[in-house]
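Undergrad: Got a structure for you, written out below as structure tokens; questions coming shortly.
The values are calculated or read from the model by the stated rules, or taken from the named source; none is laboratory data. Given the structure is predicted, the values throughout are model-derived calculations rather than measurements. Cβ: placed from backbone, ideal geometry, glycine included. Neighbour counts: every protein chain shown. Just so you know, the surface numbers come from the protein's heavy atoms only, side chains and all, with ligands and any DNA or RNA stripped out. Shrake-Rupley method; radii C 1.70, N 1.55, O 1.52, S 1.80 Å.
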Amino acid sequence: EISKNFRNEGMDRSHNPEFTMLEFYQSFSDVYDVMDLTENMIRTVANTISTSPISYDGNIIDFSKPFRQITLNELFEEEFKIKSLLYNEPKLRQISSSLNLDDDYDMGKIIDKIFSLKIEPKLIQPTFVLDYPKILSPLSKIKRDQENDIVERFELFIGGMEIANAFSELNDPIDQRERFTAQEKLKDKGDEEAQVLDENFLEAIESGMPPTGGVGIGIDRVVMILTGNTS
């Protein structure tokens, strides 16, 4: 589905209250299947537009090479030179304080803000960021064969912007209800981006939902990069 999205949020050069989204789902697949599909699709579009690397915001972006894959924790370790930083709350709060972030932020908000300020602007070449904490991904399945609360999710970054967001869709209605409840508590504390409890959605997956990979791609940002426009 390609459609218009409307959000009553802040506005800057890469955020509009009205924007265009491509969203697709593939049943009996997971985040790794749709990651391959997403990379192939974007490379095909880029090659159709131009056979040479694309210039965007003073950088040359090369779509011909395999897109980089790296975990969120590896990016935090790379940036701050601290082992397993994503699971080190005291160190994360110390970094948060140095960036003058709100002391009342929960860990999900802190991780998200640090990433947005210190790491995201440096992700110029196409990069899949993997393995997000559950607190940041209330609709995503827990990663198989892992010890921490990590989910099967990727975000694709190009030109210092998020281009796509995807995950192995959570199809366990009990787990999903628990996460919605946790999100409601965050919303009660003032988190405007927290999810709301959706009984219709819960009823639907209680009826039965196959393993599914789902992706959302920001069309406007893809067009910005492929045409060399910074807004």
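Undergrad: List the aspartates and glutamates whose Cα sits under 17 Å from the Cα of residue 4, skipping any in the same chain fewer than 8 residues away.
TA: 18, 23, 220
Undergrad: At residue 83 and residue 11, where each label point lies 7 Å from the Cα along Cα→Cβ, what is the point-to-point distance in nanometres?
TA: 4.9 nm
Undergrad: Next up: Dipole of the chain, Cα-centred, from +1 at each Lys and Arg C-beta and -1 at each Asp and Glu C-beta, to the nearest 20 debye?
TA: 780 debye
Undergrad: Follow-up. Scan the chain and report its longest stretch carrying no trypsin sites (Lys or Arg not before Pro) that are both in a DSSP loop and have at most 13 other Cβ atoms within 10 Å. Kindly include the intermediate steps, with their values, before the conclusion.
TA: Values: sites that count: 7, 13, 81, 83, 144, 189.
Here the longest run is 14-80.
Undergrad: With every protein chain present, what is the per residue accessible area of the chain (1.4 Å probe, Å²)?
TA: Spelled out: the 1.4 Å probe surface of the chain, per residue, equals 55 Å².
Undergrad: What residue among 119, 146, 159 has its Cα farthest toward the positive end of the dipole of the range 103-164, where the charges are +1 on Lys, Arg and -1 on Asp, Glu, each on the Cβ?
TA: The one lying farthest along the dipole's positive direction is 159.
Undergrad: Right, something else. May I ask which residue of 219, 80, 105 lies farthest towards the positive end of the charge dipole of the chain, with charges of +1 (Lys, Arg) and -1 (Asp, Glu) on Cβ and the Cα centre as origin?
TA: So the residue we want is 80.
Undergrad: Taking 24 Å as the cut-off for C-alpha to C-alpha distance, list the pairs among 65/134; 113/185; 109/134; 83/118 that go past it.
TA: 65/134
Undergrad: I'd like the chymotrypsin sites (Phe, Trp or Tyr not before Pro) in the range 1-108 restricted to DSSP loop residues with at most 14 other Cβ atoms within 10 Å, sorted by number.
TA: Those that pass, being in a loop and sparsely packed, are 28.
Undergrad: Given the rule -39500 (n - 2.57) for each run of at least 4 DSSP H residues, summed and divided by the residues of the chain, what is its mean residue ellipticity at 222 nm, to the nearest 500 deg cm²/dmol?
TA: Computed ellipticity for the chain at 222 nm equals -10500 deg cm²/dmol.
Undergrad: Another one. In the range 124-231, which GluC sites (Glu not before Pro) are in a loop and have at most 14 other Cβ atoms within 10 Å, using DSSP for the loop call?
TA: Here the sparse-neighbourhood loop sites are 147, 192, 193.
Undergrad: Tell me, what % of the accessible area of the range 1-62 is carbon and sulfur with a 1.4 angstrom probe?
TA: Carbon with sulfur: 52 percent of the solvent-accessible area.
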